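What follows is a short report on a single structure.
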Amino acid sequence: MTRSPATPGTFSEPAKKSLGQNFLHERGVVDRIVQAVNPKPGERLVEIGPGQGAMTFPLLARHGALTAIEFDRDLLEPLTVQAAPHGALTLIHANVLDVDFTALADGAPIRLVGNLPYNLSSPILFHALDHAAAITDMHFMLQKEVVERMASGPGSKVYGRLSVMLQAYCEVTMLFVVGPGAFRPAPKVDSAVVRLTPRPAETIGIVDPRRFADIVRAAFGQRRKTLRNAVSTLMDSDAIAAAGIDPQLRAEQLSVADFVRLANHPVAA
Ligand code: SAM
């Protein structure tokens with residue numbers, strides 16, 4: 001069903017749960033995000049899911065220009081109307097997962113910002129990783145529990161595929177926690193703002209990104225199993241040992257550097 005705003009240029013209620021719409025209304029939180037992003041003249045900001053403009057308008061007022069990607073057609077007109085006094089908003093009506101950030105950047109790296117739809121957090125993060133070379137940094141509001149997974153290390157119960165994949169390609173910094181009361185409607189969980197800074201390509205050291213992703217996925221797919229069992233279809237025990245890793249370890253005991261060593265170990269012909 002398509003709904004339109006009651007009055008052109010104003011936002012309609014209610015928020016759409018299916019689109020992860022929890023709109024930020026606490027000005028103090030918005031200010032902290034804008035400060036964390038701290039856009040400099042000439043930089044290109046791209047917001048994912050501007051919603052009712054909680055971050056869009058202050059970022060526009062500060063920076064003068066912004067591109068925003070919004071899937072909800074009903075929000076486009078009010079966003080356009082209300083953004084006008086603040087600065088130049090370029091709105092892209094699309095599913096962010098279909099947006100080619102590399103093409104959007106067109107040689108001039110972009111800075112991503114977003115209070116993400118929580119139901120799509122992981123797909124959006126992996127999609128951004130695919131375009132990491134075109135992205136200077138990302139500031140995202142996510143479920144606190146997801147940010148903890150992203151930032152955790154070996155030995156932690158929440159260390160997993162998301163931690164290894166993100167940390168291999170980005171520096172991950174949890175900035176601050178935001179309670180449910182900052183949003184309308186209030187989500188059931190705490191949120192947190194995280195900064196992801198893609199590492200320079202030459203320092204990542206992964207020879208074959210696809211093999212790296214396959215090994216990490218297999219290792220954590222059966223995280224209670226020893227490595228030799230979990231990745232058996234990709235590497236045998238001798239190859240794991242030759243890469244300098246004890247095949248009896250479990251995935252959660254390996255550092256990101258260990259996974260890079262495993263994945264870079266030459267595959268027998
Ligand atoms: N930035 C606003 C704020 O902080 O109040 C809205 C945040 S709300 C959590 C997430 C936003 O992402 C909503 O505006 C929603 O319509 C939009 N959204 C959901 N799925 C999307 C998708 N696949 N592509 C682009 N935007 C999407």
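The values are calculated or read from the model by the stated rules, or taken from the named source; none is laboratory data. None of these values were measured; they are calculated from a predicted model. As a convention, Cβ positions derive from the backbone with ideal geometry for all residues, glycine included, and neighbour counts pool all protein chains shown.
The requirement of being at pLDDT below 95, surrounded by 15 or more Cβ atoms within 10 Å (Cβ to Cβ) and more than 16 Å from the ligand (Cβ to nearest atom) is satisfied by Ile204.
Considering only region 1-19, state which residues are within 12 Å of the ligand (Cβ to nearest atom) and either modelled with pLDDT of 95 or more or in contact with an Asp or Glu (Cβ under 9 Å, 6 or more places away or on another chain) (or both). Give the derivation first.
Initial filter on region 1-19 (within 12 Å of the ligand (Cβ to nearest atom)): 11, 15-19.
Passing the criteria: Phe11, Lys16, Leu19.
Going by what's in this entry, would Asn22 be described as in the same structural domain as Pro180 (by TED's automatic domain parsing), more than 8 Å from the ligand (Cβ to nearest atom) and of a type in the set (S, T, N, Q)? It would help to see each step written out before you state the result.
Details: in the same structural domain as Pro180 (by TED's automatic domain parsing): yes; more than 8 Å from the ligand (Cβ to nearest atom): no; of a type in the set (S, T, N, Q): yes.
No, not satisfied.
Could you please tell me which pairs satisfy a Cβ distance under 8 Å, a separation of 6+ or placement on different chains, a first residue in region 106-132 that is without any contact (Cβ under 8 Å) to a residue 40 or more places away in the chain, and a second residue that is near the ligand (Cβ under 8 Å from one of its atoms) and assigned to a helix (DSSP H, G or I)? Taking only residues 6 or more apart or on different chains, the pairs are Pro123/Leu97; His127/Val96; His127/Leu97.
Among the residues that make up region 179-193, is at least one of them closer than 26 Å to Arg250 by Cβ and touching a residue at least 12 places away in the same chain (Cβ under 8 Å)? Give the steps one after another, and end with the answer.
Residues of region 179-193 that are closer than 26 Å to Arg250 by Cβ, as a first pass: none.
No.
Only one of Gly155, Gly181, Gly107 is more than 25 Å from Gly221 (Cα to Cα), at pLDDT below 95, more than 11 Å from the chain's Cα centre (by Cα) and assigned by TED's automatic domain parsing to the domain that holds Gln52. Can you tell me which? Explain how you work it out, then say what you get.
Values: Gly155 fails: more than 25 Å from Gly221 (Cα to Cα); Gly181 fails: at pLDDT below 95.
Of the residues listed, the single one that is more than 25 Å from Gly221 (Cα to Cα), at pLDDT below 95, more than 11 Å from the chain's Cα centre (by Cα) and assigned by TED's automatic domain parsing to the domain that holds Gln52 is Gly107.
Evaluate region 43-61: report whether one residue or more is in the same structural domain as Pro180 (by TED's automatic domain parsing), among the hydroxyl-bearing types (Ser, Thr, Tyr) and surrounded by fewer than 16 Cβ atoms within 10 Å (Cβ to Cβ). For region 43-61, residues in the same structural domain as Pro180 (by TED's automatic domain parsing), among the hydroxyl-bearing types (Ser, Thr, Tyr) and surrounded by fewer than 16 Cβ atoms within 10 Å (Cβ to Cβ): absent.
Number of residues in region 75-102 that are surrounded by fewer than 16 Cβ atoms within 10 Å (Cβ to Cβ), assigned to a helix (DSSP H, G or I) and near the ligand (Cβ under 10 Å from one of its atoms) equals 2.
Please return the ranges of helices (runs of 4 or more DSSP H) entirely within region 165-269 where 3 or more residues are of a type in the set (D, E, K, R) and out of contact with any strand residue (DSSP E or B) (no Cβ under 8 Å at 6 or more places or on another chain).
Details: elements: 201-204, 209-221, 227-230, 237-242, 256-264.
Answer list for region 165-269: 209-221.
Listed conditions (1) in a loop (DSSP other than H, G, I, E, B); (2) in contact with a Leu (Cβ under 8 Å, 6 or more places away or on another chain); (3) within 16 Å of the ligand (Cβ to nearest atom) are all met by Met138, apart from (1).
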